[in-house]
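A.B. asks: Take this structure, written in structure tokens, and hold onto it; I'll ask about it next.
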Amino acid sequence: MTPQALSNVKVIEFSDFISGPYCGKLLSNMGAQVIKVEKPGLGDKARSYGPFPQHIPHPEKSGLFLFLNTNKSGITLDVASADGLKIFQELIKWADILIEDHSVKEIERLGLTYAALKKINPSLIMTSITPFGQTGPFKDYKGNDLIAAHAGTEGFGNPDEGVKDPASMPPLKVPNHAADFMCGLTAAACTLGALLGRKNGGQGQHIDLSKQEAVASITRQQLAYYSVMEETPSREWGRKKFGGFLYPCRDGYVVIWIGPHYHLVVKMMGDPDWSKEEMFANPLMRNNYIVELNQLITAWTLEHTAVEINNLALEYGVPCSLVRSVKDLIADEQLAYRNFWQEIDHPVAGKLKYPGAPFKLSTTPGIINRPAPLLGEHNDIVYGEILKYSQEQLTKMKQAGII
């Protein structure tokens, strides 16, 4: 097989749910050997989250867990026990990277601080994901996707088109754990940076990743607006003055980017008479009449299907997209052409269609070739072949609840 970019990189994933596991998944997509550490009997919290086939909960059939943990080896280990801690420290000696998402207090209680672990493995890269970082007055606060979204101001600007009554319609979090996934993506990026730094003659290091900061780093226009104008952007209806807009059609929605493409948009619409009026034709005046412009464009889009408008946009060079449902995405011809969807056979969940690696590396391709691990599936391989424990020792550790 063609070597992958991270084929020789060894990772311990001591993380639950989404952010840490998504970081591990992105590294494993590039060939890293990722060993996922789960609690004996319970496993990753994501195993209890759906969706489940036929809506029947099952720890080996969670769609969320199956997606997040492809390509990984899975072991069970009670790190809180003395013997479990000793085994974990042996894994740290083996590893290049540790991904963990436990609280500062929990890591200190377990004796797994970076200061302690770098004595065991000076070249270790330890990526710590917490709601508010390792320092500061909020360092011990708990958090989740909802808290990260609002603490980082992601929720303030949503819905992006504004609301008719800001007083009665509060900020709205983006759905589907977007903040958690953004934190996982950020964790993967900075972990690769630390890995590259170590390769170039540096040492191991501790990565302190705050979910609040990861989300705050993508606030973009709102942050820029405040930095330049020293004013908080309004959430009033129609506040958006530039860029793309969402328009209803006969059978769905499209988003059209007007911006510098006004002349192409109105040409696509047949050059209506109103488009030549100075209030719209003059780009310096147009933004003051954006509500009226949107009403006129909406009247036109409602006369067409989303596909008709999308085809016209392609013909006239207008930046446009259908607003796809998940069903539409599965059938998307562009994704099919690029082999984005992959069918993976899991021993319990069966054959399911998964999103593939979200990138194409020409010489070191990303590959998903293994399903998510069963709970403790690779105990014998990791403890027996890597750490050299005997079968008798493994049996005793299992009986004691250590693995």
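None of the figures in this text is laboratory data; all of them are computed from the coordinates on show. Since we're looking at a predicted model, the values are computed, not measured. No Cβ is skipped: glycine too gets one built from the backbone with ideal geometry, and neighbour counts run over all protein chains shown.
A.B. asks: For helix 306-316, report the angle its Cα long axis makes with the longest principal axis of the Cα atoms of the chain; keep it between 0 and 90° and round to the nearest 10°.
C.D. replies: Computed tilt is about 70 degrees.
A.B. asks: In addition: Just round it to a whole percent: the fraction of Cα-Cα distances in the range 43-106 exceeding 19 Å.
C.D. replies: Result: 48 percent of Cα pairs exceed 19 Å.
A.B. asks: Please report Rg over Rh for the range 1-122, where both radii come from the alpha carbon positions and Rh follows the Kirkwood definition. Could you put the intermediate results ahead of the total?
C.D. replies: On the way: Rg = 15.0 Å, Rh = 15.2 Å.
With Rg and the Kirkwood Rh in hand, the quotient comes to 0.99.
A.B. asks: Find, to one decimal place in angstroms, the Kirkwood hydrodynamic radius of the range 244-330, where the mean of 1/r is taken over every pair of different Cα atoms and then inverted. If you can, show how the numbers build up before the last one.
C.D. replies: Numbers: mean 1/r = 0.0756 Å⁻¹.
Value: 13.2 Å, from the Cα pair sum.
A.B. asks: What FRET efficiency comes out for the pair Lys164/Gln393, r = Cβ-Cβ distance, R0 = 56 Å, nearest 0.05?
C.D. replies: Details: r = 66 Å, r/R0 = 1.19.
Efficiency, from the Cβ-Cβ distance: 0.25.
A.B. asks: Find, to one decimal place in angstroms, the Kirkwood hydrodynamic radius of the range 284-324, where the mean of 1/r is taken over every pair of different Cα atoms and then inverted.
C.D. replies: 11.4 Å is the Kirkwood radius here.
A.B. asks: Measure nothing fancy, just the Cα-based angle from helix 178-199's long axis to the longest principal axis of the chain, in degrees from 0 to 90, nearest 10.
C.D. replies: Taking the Cα atoms of the chain, the angle to 178-199 is about 60 degrees.
A.B. asks: What number, in nm² with one decimal, is the all-direction average of the projected area of the convex hull of the alpha-carbon atoms of the range 286-402?
C.D. replies: Numbers: hull surface 59.1 nm².
The orientation-averaged projected area of the Cα hull of the range 286-402 comes to 14.8 nm².
A.B. asks: Calculate the dipole size of the range 244-330 relative to its Cα centre from +1 charges on Lys and Arg beta carbons and -1 charges on Asp and Glu beta carbons; express the result in debye to the nearest 20. Present the calculation step by step, with values, prior to reporting the outcome.
C.D. replies: Numbers: 6 positive and 10 negative charges, 58 e Å.
Dipole magnitude for the range 244-330 comes out near 280 debye.
A.B. asks: Further question on the same structure: Please compute the Kirkwood hydrodynamic radius of the chain from all pairs of different C-alpha atoms, in Å with one decimal.
C.D. replies: Values: mean 1/r = 0.0414 Å⁻¹.
Hydrodynamic radius (Kirkwood, Cα only) of the chain equals 24.2 Å.
A.B. asks: Shifting gears a bit: Simple spin-label model, 7 Å along Cα-to-Cβ: Phe138 to Ala281 in nm?
C.D. replies: With each label point 7 Å from Cα toward Cβ, the separation is 5.1 nm.
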